[in-house]
Structures are given as structure tokens and as C-alpha cells.
Amino acid sequence: MFARVFRWLETRLDPFPPAPAVRPPSDFRGFVLHYTWPVRWLILGTSVLAAVVALIEVSLFAFLGRLVDWLGTTDPKTVFSEHGWFFLGMGVVVLVVIPVLKFWYEAVLHQGIMGNFAMRTRWMMHRYVLRQSMEFFNDDFAGRVSTKVMQTSLAVREMVMKLTEVFVYVGVYFTGALLMFAVSDLRLTAPMLLWFTGYVAALRYFIPKLGAISTVQSDARSVMTGRIVDTYTNIATVKMFAHADREDAYAQGGMSPFLDSVQSQMRLVTLLTLTLNTLNCMLLFSITGTAIWLWSIGAVTTGAIAFAIGLVLRMQGMAHWIMWETASLFEQIGVIHDGLVTIAKDRKVVDAEGAKALTVPKGEIRYENIRFNYGRNPQEKRGHIIENLTLRIAPGEKVGLVGRSGAGKSTLVNLLMRFWDLDGGRLLIDGQDVSKVTQDSLRAAIGMVTQDTSLLHRSVLENILYGRPDGGEEQAIAAAKKAHAHDFIVGLQDLNGRTGYQAHTGERGVKLSGGQRQRVAIARVLLKNAPILILDEATSALDSEVEQAIQEQLYNLMEGKTVIAIAHRLSTIAAMDRLIIMDQGAIVEEGSHKELLARGGLYAELWARQSGGFLAREAAE
């Protein structure tokens, strides 16, 4: 039976809704409500159950007062005959009603809310952040962004649940205590009201300070985590330069501000605890003294004293709990404030309204008077990296981009992939403006191999199938063989004993050599078989023998496709249909290899510098 109840509650909220991820509101209230709204009925259910349980618990103290009076005034021989039904009723309440109510409260809370609420929030945040622009991820630590998503999703759940619990228990217990004290004697409410006034004043003073420190602490924690993740991600560089001590100092620079915030927080917590303990002691003394005085003048019964003292002791425990819940509540508020700044950012690159899927029947690419500068503020007067550049690449044409570092070659490719939007001009594929088609369809039509190849920390097979997820294992292996990767793949084994194509590559593919990663990446693009192919130093990490073998497969892959190839090793692109020479974001020369050599310009100068092993004479010919 329990399993059926649990399963029913666990399925009341879908933790992975398929609806498109939308930008959450950037204001605090709207941000929290955005993620809380789907859980509202479950939260209301726990609130009602908690309120009923709290009312019953408060009423038990009134029963305690009656019991003391009965024991003092009733003959033991007749107590059960006179009050037996009442005892039986309270027994049913204690043994049946409270356990049943608490079971449903705990079941709704833990099975219905705790797991699904945080996971749903995390899922929605992740889906939105994952579709952020390249600029977003370039401007932040990956570890810091992931920490924000993890922390903020939990903070939203904790804040909402704590706020609900505090509201219910404060409202029920305090109101119930006042009413019951007033029924006994109105004068008993005076110490309670004074205590509550001091309690609220203490919270109003300390909690905002804790909240402010929590905001600082949350950001410091993210920076600290980001620094450590950055070090671990680049561990090869750290080892290469023997800079473990330097990284210690870098990590300490992130840990020290975090420790400072923790110590400031703990000072406030100690002072808050001291203040609350003092108030609680004063409440216990004043209520006890007032109750005894009222009893001495015949205003209240002995039971009223027992009821008042018992309820105050319970209120003291509740006060400590409420204090920590409220302090934690403001900590979560600080975490959410910090997280929403990152999570609720607008996407810089978005699909246009009504964007359609790109179709590529031919593969013509046209750059029309494009202007672009990374991160340029339109109000600033800075110029552009690329200014009024025009270039047409015919369907099926193989074009090589040549130029010094920083000339703008990779920028042209990044703009074609629409990792950034243009500042001006148009970029078209088969007459379709890339800013008017869906990003997924645009990138699905382009196969790209970059110089800095990073692989997913998954199996080799999954990495190759990333090029075409619906491709089978046989096709993936065939692509690996064409990329001359099969032989080394079958010999792989990871720490968990997985071998061959099931072996995992490690974070960013660190368990493979640069050349091995490059060959897996080439296999991935071979499998994708997109109509437009971009090769950005695609064979730079390969030795000459493997490069020559793979070049044959790449030439086969190029057949019928529009190709843009970037290479500093000019011999690898000398045989292209046309070479585009760039300098400082502009096209300064274009033509075939022979034409450009005869012209004696920048290309001829670059070619002349690359002599000896860098040149393959047959490629030039």
C-alpha cells in the first residue's frame, strides 16, 4: 500500500517537462514564482496538513491543563467514569489522527515535493542556460555557471518550503497560544506579546544582515568552485609548467573571501542565538511568575499554570527552530538573488520569430557587407574586427582561408555557425538569411572540425554518434576506419574496465592524445556528412603519415560539398579551388595558389616563409 501511495505522489509533478525552456523573470518574486507555480497545489496540501497538526498540538497543552485540574479535584475512583470518553477521544487523536496526518504530511513533502521540485527547477534552469550564446559561456567559468544552477535550484525549493513552514507554525502556534492564554486570563498574554515584539525586533535586525552576507558568500562560493574547476580542467598545463604552488595561491585567493564571509556569518549567528536565548529565558520567567501570581489571587487554576509553562517551553523550542529556519530562509534568498543574475540573462543569439528550418539544396554561401566586433557596445565608437566584408562561395566550391593570426578567419566561420550575430550586413546560405532560420537546422547543415578538439566525457561510440545520433554502431565504426581511428580505439580501456568503443574518453577527451582526439572528431564529421564542411586546422594535431591517409578521406568527403578550410600549414590547402587571403578583418587577395604566388603579395610572402618540412611540393603542383 505504501509503495502505491508513494508512487502516486511521486508522479504528481513531472520533473522533466518537455515544453521549451523560457527565460525566467529577472525580478526576485517573479523568478521564484516562475519555478514554484507548478508545485503550488502540493505546497498548499502540506500547509493545510501542517496547520491541522499544529492546531492539534496546541490543543494538547490545553488538555494537559484540564488533566492537572481534574487530577486535583476529581476522586481517583470516579475519574474514568466522569472523563473516560474524553480520555478515549484524546487517545484516538494521539494514536491515530496525529500519526495519519503526519504520515500524509511527510509523504506529500518528501515524495511529492522535495525530489521533484528541485529536479524540475534544475532541469528548467539547465535547459535555458544550455541554449545561451557562446559569449555567455566565454565570459564565465563553466564550474561557476554549473554551481549557480545547482545551488539556485535547491535554494528556490528551500526558500519556498521554509517560508511556508515558518508562516504556518508561527501563525498557528503564536495565535493559538495567545487565544488559550486569553481564555485562562487575559493578563497572561502580556509577557507573550512583549516576547514576540522582542523576537521580531531581533529577527529584523539580524536576518537582513545574514541575508546580505549570504549573497556575498554565495558568489564567493561560486568563484572558489570556479577557480578549482578551472585548475582541474587545465591540469596538464599546471603540470607542464610545474605551477602547483601558483595554483595553491590562486585557489586560496578564492577560498579566503569565502572564509571571511563564513566567519562574519558565524559572528552574527552567535549574537542572534544569545539574544534569542535571553528573550526565551525572560519569557519563561515572566509567564511562570505571572501564572503563579494569578493562581495566588485565585484568578487561574493549577492546570492553567501547567498549561502555560508547558506551552512556553514548547514555544522556546519553536522559537529556536523558527530562528534557524528564518536565518536559512534569508541565506537562500541571498543564493537566489546571486543565481538569478546569471540564470535570468537574456540570450544574445535567439531564433527569429517564425524562424524556419534551413534547406541546403546547393550550398552557396554569401557574406554581404558584414560588420562585426566581439562584445561591442553599440553606443561606443570602436570600430569593427570585420568592416563591410563581402564574399561569395559558390555551391560545391572548396575555399581556403589564409592569413596571420587575428586576421578574422575563425570569425568568419563563427559567424557562419551563428555563434554570434552580425552588427550589420547579411550572411546567406542558398539565399536564406542565417539570422532568419533556426539555429539547430543551421548547425545541422554544417560539419566542422576544429583545431582545439574536445570530446564529451562519454564513450568513444557516443562521441562519434554525436555527429548523427540516429546512425548505428556499424556506421560509426565505418567512419572511424575512414578517419584511421579504429585501430587505436579497439585497444582502449578505461579505469572501469570498459574497452574499445565503449571506453570513456575522460573530461574533454584527456585520456586520448591530441591526434587521437582529432581523428575521433574527424570520424564524427564524416558520419554527420553535412552539405557544408568547415575544417579549422583539422589535421594540425596529426603526424604526417596519418595526415596524408586522412586527407584522402577528407578529399572524398569534400566531393559535392561547399568547403571552407583554414590552415596555417599552407600545403594542406594549396590545392583548393580558391584561396582567400585575409588581413586585419579584410580580404586583401584571392585566387588560386599559382595566381597568388605570381602576384607576389601577402600569400607569396607567407608561402616563402614556410619552407622545408612545412611544404609538400606535390600539393603545390
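Brief remarks on what is shown
- In segment 573-585, residue modelled with the lowest pLDDT [restricted to those that are closer than 14 Å to K409 by Cβ and either out of contact with any strand residue (DSSP E or B) (no Cβ under 7 Å at 6 or more places or on another chain) or β-branched (V, I, T) (or both)]: I573
- Among the conditions (1) in contact with a Leu (Cβ under 9 Å, 6 or more places away or on another chain); (2) surrounded by fewer than 20 Cβ atoms within 10 Å (Cβ to Cβ); (3) modelled with pLDDT of 90 or more, R404 misses just one, which is (3).
- Residues that are among the polar types (S, T, N, Q) and buried (at least 17 other Cβ atoms within 10 Å of the Cβ), drawn from segment 261-310: S261, Q265, T275, N280, S286, T290, T301
- Within the option set V238, V300, being at pLDDT below 80, β-branched (V, I, T) and in the same structural domain as T147 (by TED's automatic domain parsing) holds for one residue only, V300.
- The residue that is nearest to V216 (Cα to Cα), counting only those in segment 324-367 that are free of Cβ contacts under 8 Å to residues at least 60 places away in the same chain and assigned to a loop (DSSP other than H, G, I, E, B), is V350.
- In segment 156-205, the residues that are small (G, A, S), over 21 Å from C281 (Cα atoms) and within 44 Å of the chain's Cα centre (by Cα): G171
- If you go through segment 10-40 and pick out every residue that is outside any loop (DSSP other than H, G, I, E, B), closer than 25 Å to L329 by Cβ and in contact (Cβ under 8 Å) with a residue 12 or more places away in the chain, you end up with 7.
- Count - residues of segment 412-439 that are under 27 Å from A485 (Cβ atoms) and part of a helix (DSSP H, G or I): 3
- Residues in segment 321-356 that are among the aliphatic types (A, V, I, L, M) and under 30 Å from D139 (Cβ atoms): I333, V335, I336, L340, V341, I343, A344, V349, V350, A352, A355.
- Within the option set T326, T359, T342, being surrounded by fewer than 18 Cβ atoms within 10 Å (Cβ to Cβ) and either assigned by TED's automatic domain parsing to the domain that holds A118 or β-branched (V, I, T) (or both) holds for one residue only, T359.
The values are calculated or read from the model by the stated rules, or taken from the named source; none is laboratory data. As the structure is a computational prediction, the values presented were derived from the model and not from experiment. No Cβ is skipped: glycine too gets one built from the backbone with ideal geometry, and neighbour counts run over all protein chains shown.
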